[in-house]
Amino acid sequence: MAFKMSVQDYKGKINEVEIGKGDKAFKIGGQATMAFYDFDGETGNSPKVGMEILDVFPEEWITSLKDLYKDVAHSPVEWAKFVEKELGPDFICLRFLGADPNGLDKSPEECGEIAKAVVEAIHLPLVIAGTGNHDKDAKLFEKVAAAVEGHNCLFLAATEDNYKTIGAAAGLAYGHKVGAESSVDINLAKQLNVLMGQLGVKYEDIAMNIGCSAVGYGFEYLISTVDRIRLAALGQNDKTLQMPIMTPVSFETWNVKETVAEEEDAPEWGDKEERGIAMEVSTAASIIAVGSDAVIVRHPKSLATIKNFTEAIA
């Protein structure tokens, strides 16, 4: 008797979310099955890989990256144009570290001018990340969302503390996409999505940032959370969890001890740059394999490796 493979027929489907404008715009999501399970159903859009840049010179980054960007990193516009032309990511993530109240504390108005100049200078879609200070990010994104109106950016991210301001500005007033940020917990992710929906933001305009950790740092819990979210979204047709996932990998992987320890302090660990790349690549590949629809990386070698990886398994 011929072998007949069983097929898991899911009831739900992940929403498609479009980011950007013009011929470089892309969609994430659209899966009707678990990641890359093409034998079970439609696998949706291929994962996308973006590059992180800052609104300030990256003083804390490793030497090789500072050397690579030394001629352009003093200008976010020139930095973005360089990344688009020379490195070719799917999108650019502009992270406003300079607006941090504990740092330069740039004003929301100044950041809005920077974002407007960047988005008008490139063709790639723009993802905008804040300081991590929830109060400042609410004020920041309100001004930045207005400044980049019409460009369909994704704002990372709205939290339970500031979703009303960010959702109203980015998602409702100015027609952008909103990243809903929770902390590696299916219930927290669902709750924030529900709150955003009650505010009036369409589920089709939301991408989830459910949190991230570097491999070896509780990463298995992150993986299990993604699995639970996707199984609920697909198997239970839970519409409050049917948003695609974007993971800012670089925000975490370049801060762990394996990537920050100097070679003279840990000679047995080898080259510092190679350690950072390895940590970033292994984290990004793992989270994509389990279901993340887009990742943000920092190193050009990480970008090239992950793009090759996604092309090979898609």
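The values are calculated or read from the model by the stated rules, or taken from the named source; none is laboratory data. Here the structure is a predicted model, which is why all the values come from computation and not from measurement. Because the Cβ atoms are built from the backbone with ideal geometry, glycine has one as well, and the counts that use them run over all protein chains shown.
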Can you find, within region 1-21, the residue that is surrounded by the fewest Cβ atoms within 10 Å (Cβ to Cβ) among those that are charged (D, E, K, R) and free of Cβ contacts under 8 Å to residues at least 40 places away in the same chain? Lys4
Does region 157-168 include one or more residues that are closer than 19 Å to Glu110 by Cβ, touching a Lys or Arg at 6+ places or on another chain (Cβ under 6 Å), touching a residue at least 12 places away in the same chain (Cβ under 8 Å) and not basic (Lys, Arg)? no
How many residues are over 12 Å from Ile210 (Cβ atoms) and either among the hydroxyl-bearing types (Ser, Thr, Tyr) or crowded, with 18+ Cβ neighbours inside 10 Å (or both) when one looks only at region 239-250? 4
Conditions: (1) crowded, with 17+ Cβ neighbours inside 10 Å; (2) in contact with a Leu (Cβ under 6 Å, 6 or more places away or on another chain). Lys24 meets all but one. Number of the miss? (1)
2 or more residues basic (Lys, Arg): qualifying helices (runs of 4 or more DSSP H) within region 41-156: 134-147
Counting just the residues of region 5-40 that are of a type in the set (Asp, Glu), assigned to a loop (DSSP other than H, G, I, E, B) and farther than 18 Å from Glu311 by Cα, which one comes out nearest to the chain's Cα centre (by Cα)? Asp40
Quick count over region 23-64, residues being touching a His at 6+ places or on another chain (Cβ under 6 Å) and under 30 Å from Asp271 (Cα atoms), is 1
Only one residue in Lys70, Lys85, Lys66, Lys106 is over 11 Å from Asp55 (Cα atoms), at pLDDT 95 or above, surrounded by 13 or more Cβ atoms within 10 Å (Cβ to Cβ) and of a type outside the set (A, V, I, L, M, F, W, C), so which one is that? Lys66
With the first residue restricted to region 272-295 and required to be within 16 Å of Glu258 (Cα to Cα), and the second required to be of a type in the set (A, V, I, L, M, F, W, C) and surrounded by fewer than 20 Cβ atoms within 10 Å (Cβ to Cβ), Cβ contacts under 7 Å at 6 or more apart or on different chains are Lys272/Ile62; Glu273/Ile62; Arg275/Trp269; Gly276/Ile62; Met279/Val256
Considering only region 189-246, state which residues are in contact with a Ser or Thr (Cβ under 6 Å, 6 or more places away or on another chain) and more than 27 Å from Val297 (Cα to Cα). Val194
Those residues that are among the hydrophobic types (A, V, I, L, M, F, W, C) and assigned to a helix (DSSP H, G or I), I need them from region 224-264; list them, please. Val226, Ile229, Leu231, Ala232, Ala233, Leu234, Leu241, Val249, Phe251, Val260
Condition (residue is among the small types (Gly, Ala, Ser), buried (at least 18 other Cβ atoms within 10 Å of the Cβ), touching a Pro at 6+ places or on another chain (Cβ under 8 Å) and under 22 Å from Leu156 (Cβ atoms)) applied to region 35-49: is it met by at least one residue? no
Within region 234-252, count every residue that is in contact with a Lys or Arg (Cβ under 9 Å, 6 or more places away or on another chain) and within 27 Å of Val281 (Cβ to Cβ). 7
